[in-house]
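Q: The structure that follows is given in the form of structure tokens.
The values are calculated or read from the model by the stated rules, or taken from the named source; none is laboratory data. For clarity, every value in this text was computed on a predicted model and none was experimentally measured. For neighbour counting, all protein chains shown are included, and Cβ atoms are generated from backbone atoms with ideal geometry for every residue, glycine included. Quick note on the areas: whole protein, heavy atoms, side chains included, nothing else; ligands and nucleic acids left out. Shrake-Rupley method; radii C 1.70, N 1.55, O 1.52, S 1.80 Å.
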Amino acid sequence: MMFNDSLISNSDTRSLSSSQKEELIENVKQQIAIANAQELITKMSEKCFKKCILKPGASLDNSEQKCVAMCMDRYLETWNLVSKSYQIRIQHEKDRN
């Protein structure tokens, strides 16, 4: 993630109310979720295109369509599995402390 001058500095956050801080945190979480989704779609598209589209043209033939659909399904299943495992690991780390 790239940081720029428009981010709120630590001194700026001191003047925010509790509800404003919560709103700011939720906004940042939403922005991170959007960035993650965009990255997921980009990587999935690139990998499945390389795997399935041997001769790019004006349209996909039936086998290319099936390959792309299966590739995307597997990619999402794997991403979800890794994501869940990561969340469990984070929770275990929190529980230890």
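Q: Is segment 79-92 home to any residue that is touching a residue at least 24 places away in the same chain (Cβ under 8 Å) and open to solvent by 100 Å² or more (accessible area, probe 1.4 Å)? Outline the logic, then answer.
A: Step one: list which residues in segment 79-92 are touching a residue at least 24 places away in the same chain (Cβ under 8 Å), which gives 79.
Adding the requirement that they be open to solvent by 100 Å² or more (accessible area, probe 1.4 Å) leaves 79.
Scanning segment 79-92, I find at least one residue that is touching a residue at least 24 places away in the same chain (Cβ under 8 Å) and open to solvent by 100 Å² or more (accessible area, probe 1.4 Å), so the answer is yes.
Q: Report, ordered by the first and then the second residue, all pairs with beta carbons closer than 7 Å, sequence separation of six or more or different chains, a first member in segment 22-40 that is surrounded by 10 or more Cβ atoms within 10 Å (Cβ to Cβ), and a second member that is assigned to a helix (DSSP H, G or I) and modelled with pLDDT under 95.
A: Between residues of segment 22-40 that are surrounded by 10 or more Cβ atoms within 10 Å (Cβ to Cβ) and residues that are assigned to a helix (DSSP H, G or I) and modelled with pLDDT under 95, the close pairs are Leu40/Trp79.
Q: For residues that are within 23 Å of the chain's Cα centre (by Cα) and among the small types (Gly, Ala, Ser), scanning just segment 1-57, find the one that is modelled with the lowest pLDDT.
A: The selected residue is Ser6.
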